[in-house]
Amino acid sequence: MKIYKGEGVSRGVAFGKINLYEKAAAAAEKYTVENTENEIARFENARAQAIAQLALLFTKTKESLGEENSLLFQIHQMMLEDLDYCDSVKEIIRGEKVNAEYAVSETAARFAEMFATMEDEYMKGRAADVRDVSGRVLDILTGGGKEKTILQQPYILVAEDLAPSETAQLDKTYVQAFVTAGGSRNSHTAIFARTMGIPAVIGLEGALQNLPDGADCIVDGAAGEVYVEPDQETAARLRKKQEAEQARKKLLSLYKDRPTQTKDGKKTELCANIGNLNDLQFALDNGAEGIGLFRSEFLYLESTDYPTEEAQFTVYKTALQKMAGKRVVIRTLDIGADKQAAYFDLPKEENPAMGMRAIRICLTRPAVFETQLRALYRSSAYGRLAILLPMITSVEEVRRVKEIAAGVQRRLEEENIPFAPDVELGVMIETPAAAVISDLLAKEVDLFSVGTNDLTQYTLAADRQNQSIAQFCDTHHPALLRLIRLSADNIHKEGKWIGICGELGADESLAETFMRMGIDELSVTPTAILPLRAAIAELDLSNEEEKQ
């Protein structure tokens, strides 16, 4: 028996024989051409065919992935319509007098590298999308893309990597799990695996070389482990784990439509943190009572220029309609620090986490902020919207935002554009400053959400991106919990609402602490909702007082 370790991105235990999946790479050899315009025409024809294929794939995957996930293939169509992408291909063809295949391959490599080197994990995952759409165009140009015949029996799929479009079309009748050498936790491939309930392990170096075709295999998606030719003892142990996981899923499903409350009847809301529209159905499937944090920055990070009001409006409107009256808390753009978009042309900073970011950009670039606010207020006519302001450190910042928002609302009224009159405005408690003056802030806004990730690093002076000091980043530090309690007490005195949207919200060991503080809402990643609801259901707050 051999054991290999990768990164588990979709939990579950699966048994099957290994089936190596080696896609025939489309040839992209470089050669000189005389008629560059003919090559550009070949590219345009292939691009049009690829867009048509993606439109069909969008329709086919709605049922298996849900409409929000299948929207990826509309995004892929947009990638092929992106002017920067198309211009790059044409410039290479004309400038180097080369064939279309080579120009597409070079453009794909450049754009994928650009995404892969970004610090933001979500954006790193977009590198796979660029390779996917470019590979589709290359297949059309070369007639390539012929793949190995897939087994008609249960198997473990092993590949160098899987494109999102390949993952979306996996037949769950046969594919028990997949293992790849490449990939990213935040790639659409990983997201699709979780949505489809397929155990998956990525980042297993040399997967195609080390995992023999046809060998017996067990994949543990939670542990990120792959067992080749397992012995009887290991197989029996993992079979029990598989049965326990299936029993856990069945048990958790009982909590999907239940309220989030303790044994003695104390309730809280349990909502979902999401990064884009792809996550909406996933949140609902996991019993989310609303969206506690919608990170709008993905619109900016996925774009090569400032997203238009219409583009933003469409996304926000879709989210509100999908949630059908449940509250959707959308955070205004949180660009800066580890989330960079080149077209913002932000200055190089020695300490970007404390530099020009989030609300500071909004207040110093009001035109960008007003565009987002117009889209947000317009969308409010289609559901229950709350707007959340990140990185607030003063009352003055909130008042300036309210002035800008009032101007936006006034102009919408003048243009006879409908919007809800009761849109809630909220502040993120991410800095010690915001926590300390939470009594003053509570007089200005309707709701609050504690971003424990940033609050931890700013309170403890410990960079959460720096793994070498992880031991000093104590997420249960008394100072951090005291700041959260102080905020909750101050906010409740004003009759306002406070939630937690950082990673600590999903920490089951702190669930009782937060419930005793009177936290009104916990917003967590969709997969954490049902386990957390089950854990809260076992609490009884009627007798023992919280230990200080």
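The values are calculated or read from the model by the stated rules, or taken from the named source; none is laboratory data. Since this is a predicted model, take the numbers as computed values, not measurements. Counting neighbours? That spans all protein chains shown, and the Cβs are built from the backbone with ideal geometry, glycine included. Keep in mind that these areas ignore ligands, DNA and RNA; they rest on the heavy atoms of the full protein, side chains included. Shrake-Rupley method; radii C 1.70, N 1.55, O 1.52, S 1.80 Å.
Summary table
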| item | result |
| --- | --- |
| Within the accessible area of the chain (1.4 Å probe), percent carbon and sulfur | 49 |
| Net charge of Cβ neighbours under 14 Å - reference residue 237; Lys, Arg +1; Asp, Glu -1 | -3 |
| Mean projection area, nm², convex hull over Cα of region 383-425 | 3.3 |
| Stretch in the chain that is longest and holds no trypsin sites (Lys or Arg not before Pro) that DSSP places in a loop and that have at most 13 other beta carbons within 10 Å | 31-145 |
| Ratio of Rg to Rh over region 417-548 (Cα coordinates, Kirkwood Rh, two decimals) | 0.99 |
| Rg to Rh, two decimals, where region 343-479 supplies the alpha carbon set and Rh follows Kirkwood | 1.03 |
| Solvent-accessible heavy-atom area per residue, rounded to whole Å², over the chain at 1.4 Å | 44 |
| Kirkwood hydrodynamic radius (C-alpha pairs) into Stokes-Einstein, the chain, 20 °C and 1.002 mPa s, D in µm²/s | 85 |
| Under 5 Å, built H, 5+ apart or other chain: amide partners of residue 448 | 427, 497, 498, 499 |
| FRET E, pair residue 344, residue 413, Förster distance 25 Å, beta-carbon r, rounded to 0.05 | 0.25 |
| Inter-site label distance for residue 367 and residue 83 at 7 Å from Cα along Cβ, in nm | 1.6 |
| Cα centroid of region 377-454 to Cα centroid of region 258-317, whole Å | 17 |
| Residue-averaged [θ]222 nm for the chain, counting only DSSP H segments that reach four residues, each worth -39500 (n - 2.57) | -14000 deg cm²/dmol |
| Cα-based reach from residue 240 at 23 Å (exclusive), listing lysines while leaving out same-chain residues under 8 positions away | 2, 5, 17, 172, 249, 250 |
| Dimensions in Å of region 152-304 - Rg and Dmax from alpha carbons | 18.4, 56 |
| Region 244-289, Rg to Rh (Cα coordinates; Rh as Kirkwood inverse mean 1/r) | 1.04 |
| Listed residue (140, 342, 230) projecting farthest to the positive dipole end of the chain, Cβ model | 230 |
| Rounded if a/c under 1.5, otherwise prolate or oblate - region 482-523, Cα gyration tensor axes | prolate |
| Neighbourhood charge, 9 Å Cβ-Cβ cut-off, centred on residue 9 and excluding it, Lys, Arg +1 and Asp, Glu -1 | +2 |
| Solvent accessible area, Å² - residue 364, 1.4 Å probe, full protein context | 90 |
| Of 30/60; 124/348; 267/496; 322/496, those spanning more than 24 Å from alpha-carbon to alpha-carbon | 30/60; 322/496 |
